[in-house]
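Only one structure is covered here, and it is reproduced in the block below.
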Amino acid sequence: MRKKLKNSIAMKQAKTALIAAVLVGFVFSFSQLLHDLAQQHEGTQKNIEHILGSMRDPATKAAYNLSTDLSSKVLNGLFENPQISEGYLYAILGSGQNELLAQKTREKQNENLTGLAEWIFDVQKLYELPLILDDKRTVTGLIQVRLDATYLTQTFLDRAVFVLTAGFARNLILALALIIVFYHTLTKPIAQIAERISKIDIEHPERGLLQTPKSHEQDELGTLTKGINKALKLLGSNLEHRRLAEEQKEESMLMFETLAKISSDIFWKTDKNFQIELISSDQQSIKLESKLRLNGKNLAKLFLDRSTPELTTIIRDIVENPRDFRDIQIKFSEFEKPIILSFFGSAKYDSHGRFEGYLGSAADITASYLQNMAFEETQDKLRQSQKMEAVGQLTGGIAHDFNNLLAVIIGNLEILGEELTDSPHLKKMVESAIKSGEKGAVLTQQLLAFSRKQALHPEVVNLNELITNLSGMLKRTLGGDIEVVTHLDENGCEAFIDSTQFENAIINLCINARDAMPGGGTLTITAENFEINTPQNGVGGMMQPGGYARVSVADTGTGMDKLTLQKSMEPFFTTKDVGKGSGMGLAMVFGFVAQSLGNIQIESDIGEGTCVTLYLPRPTTIDSSSDRRKTENSQFVPGKIANIN
């Protein structure tokens, strides 16, 4: 009984109530003591004034007659009050001097309380009363007293002890009463309910419904009992449903294993630690297992090692909170051809809700995955081609009109300059304006080159000879930190192109390569013959089967990421600092290759350098006259920038 009571809700509630009562009682007691102290100060003041007033007449007579005996008797009368520790009676002479007639002191009643007395009372204060004759209205003497602060302190402490003791006794009685009340009204009924609950059959909880304690039908305990009974009924119903579900689960597992034997998908299961165990026994599953070695691996680790950052978060959540999942695509790239499996899994739980593992399947979606990737790549290239076509048409129209405007401006500036021979400073300003206009004209030529509207003069060009001549100039101008290497076709390499524009294209590519190798490196220029057997899409239209010259410029520089690579041939796009590049270099090369009915290919990776390859038609591939008409009259219809097969 004592042990039950010690750990009961009643005891806990009583402790809480006792603590609250003690805190509240302490606050009220402390407030009461502060009030009593203030009252004591005020009462002491009034009491002393009354005592001094009662001794006024004999004290006045003693002072007037200068009687020391009478003065001593007056002080003895005052000292009958135990509060007074010092007393003085003075006579005031005609000269205004005070003459001490009598004095009396008393030892402090409790020296141990001196420090506390000095803190709560004014121990130095003197209470005094002037002695005045009624008929003459003159002051004949003065009586002074000082109180014993330790006596006042002792009185206050006695009061405080009484107040605190009474409060503690009150709280103790209240706590005992609360314990008894709480035990009979709360702890005992709850203990009875708990004892009945402990005897319930866990297999059939609906058979152990509780009875509501007497006199508690309408209160919280009655409500609790009704709620528990309702829960027991619901639990019994759920257990019955779970038993049926377990039977269905066994049937489903048998069906699952049967399907695994005849399906082309890989069927698998795991334990609670995600270790994989294969169920499939068909030839396709055996073939994939011989490559992937899934059996015995950890499913969670398998997913996490091959997942994307976005998928990693989902997989971690599935591992921490097992649940069903669908179409988690995992790519196995460690083979010559990648294998992509789509995993589906269903979480298994026992009758107590504990996770047991997964049942699932994995389908080989490699073929459809690669088809989707190829389709998306084609769509990206189509969008890029459409964008380049729109930009080319826009820049071509603007450049043509702007070139005409610059021609008029430069012409008028030259005429104006000839008329300003007498004004050298004005002529100098005109010359500066002409130079700026000429720079604008160069820019319009670059835009026309990109938009395939510049006038080309194609001819049969010996690329080996042209590149050899350029390499000497490049070695001198690119700097000693960059090694220029050339690989030329031994059988000769010719193309039907504009030689000047080709030189400009190679120089632009070499300048870009130099800027990509600030610490030096190797620049490799290659020229070789190349054949295509079927029509191919090129940046300038359809490339007919036949012979082409393949010219590549490769560097060992910083390389480009995928986004930069996609934008690299757009006009005015540059990764260089402001003032160090116009962004028209690759755009001009693009326009030249497109207008020459060739193709351009760029390959680059961060830290791996860049290789730009030009495919240019050889004289045997296109007729010179028809090609010249095409380059002068054809519209800008770029094809995809793609690998040449």
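The values are calculated or read from the model by the stated rules, or taken from the named source; none is laboratory data. These numbers were taken from a predicted model, which means no experiment stands behind them. Virtual Cβ from ideal backbone geometry, glycine too; neighbours counted across all protein chains shown. Heavy atoms of the whole protein, side chains included, go into the accessibility calculation; ligands, DNA and RNA do not. Shrake-Rupley method; radii C 1.70, N 1.55, O 1.52, S 1.80 Å.
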- Task: Please go through the stretch 334-344 and pick out each residue that is open to solvent by 10 Å² or more (accessible area, probe 1.4 Å) and in contact with a Lys or Arg (Cβ under 8 Å, 6 or more places away or on another chain).
- Result: Phe335, Pro338, Ile339, Phe344
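Let's see how each residue does on (1) farther than 17 Å from Tyr548 by Cα; (2) modelled with pLDDT of 80 or more:
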residue	(1), (2)
Gln446	yes, no
His457	yes, no
Asn469	yes, yes
Arg476	yes, no
Glu490	no, yes
Cys493	no, yes
Phe496	no, yes
- Query: Which ones in the stretch 257-280 are assigned to a loop (DSSP other than H, G, I, E, B), open to solvent by 60 Å² or more (accessible area, probe 1.4 Å) and at pLDDT 80 or above?
  - Reply: Asp271, Lys272, Asn273
- Task: Scan the stretch 18-40 and give yes if some residue there is modelled with pLDDT of 85 or more and in contact with a helix residue (DSSP H, G or I) (Cβ under 6 Å, 6 or more places away or on another chain), otherwise no.
- Result: no
- Message: Can you say whether Thr574 is under 19 Å from Pro518 (Cα atoms), outside any strand (DSSP E or B) and at pLDDT below 85, as far as the supplied structure shows?
- Response: yes
- Task: Please work out which one of (1) part of a loop (DSSP other than H, G, I, E, B); (2) free of Cβ contacts under 8 Å to residues at least 12 places away in the same chain is the condition Ala194 fails and give its number.
- Result: (1)
- Note on the structure: When every residue in the stretch 483-510 that is small (Gly, Ala, Ser) and not in a loop (DSSP other than H, G, I, E, B) is compared, the one nearest to Ile525 (Cα to Cα) is Ala505
- Item | So Leu66, is it free of Cβ contacts under 8 Å to residues at least 60 places away in the same chain, surrounded by 13 or more Cβ atoms within 10 Å (Cβ to Cβ), touching a strand residue (DSSP E or B) at 6+ places or on another chain (Cβ under 8 Å) and aliphatic (A, V, I, L, M) | yes
- If we keep only residues of the stretch 492-510 that are of a type in the set (Asp, Glu) and touching a Pro at 6+ places or on another chain (Cβ under 8 Å), then the residue most open to solvent (accessible area, probe 1.4 Å) is Glu494
- Please list, ordered by first then second residue, the pairs with beta carbon atoms under 8 Å, 6 or more apart or interchain, first in the stretch 331-360 and outside any strand (DSSP E or B), second open to solvent by 10 Å² or more (accessible area, probe 1.4 Å) and polar (S, T, N, Q). Lys337/Thr366; Pro338/Thr366
- Task: Select, from Ala38, Ala62, the only residue that is among the aliphatic types (A, V, I, L, M), assigned to a helix (DSSP H, G or I) and touching a Gly at 6+ places or on another chain (Cβ under 8 Å).
- Result: Ala62
- Task: Return a yes/no flag: does the stretch 227-239 have any residue that is of a type in the set (Val, Ile, Thr), open to solvent by 50 Å² or more (accessible area, probe 1.4 Å) and at pLDDT 70 or above.
- Result: no
- Which residue out of Gly607, Gly559, Gly581 is over 23 Å from Ile467 (Cα atoms), at pLDDT below 75, not aromatic (Phe, Trp, Tyr) and not in a helix (DSSP H, G or I)? Gly581
- Message: For the stretch 96-111, check the following and say yes or no: at least one residue is more than 60 Å from the chain's Cα centre (by Cα), modelled with pLDDT under 85 and hydrophobic (A, V, I, L, M, F, W, C).
- Response: no
- Scan the stretch 52-59 and give yes if some residue there is under 11 Å from Ile143 (Cα atoms), in a helix (DSSP H, G or I) and among the basic types (Lys, Arg), otherwise no. yes
- Checking Ile622 against (1) among the aliphatic types (A, V, I, L, M); (2) more than 38 Å from the chain's Cα centre (by Cα); (3) at pLDDT 70 or above, which single condition isn't satisfied? (3)
- Task: Looking only at the stretch 306-362, count how many residues are among the acidic types (Asp, Glu), modelled with pLDDT under 85 and over 23 Å from His241 (Cβ atoms).
- Result: 4
- How many of the residues in the stretch 100-117 are out of contact with any Leu (no Cβ under 6 Å at 6 or more places or on another chain) and within 23 Å of Ala62 (Cβ to Cβ)? 4
- When the stretch 197-209 is checked residue by residue, the ones that are open to solvent by 50 Å² or more (accessible area, probe 1.4 Å) and in a helix (DSSP H, G or I) are Ile197, Ser198, Glu206, Arg207
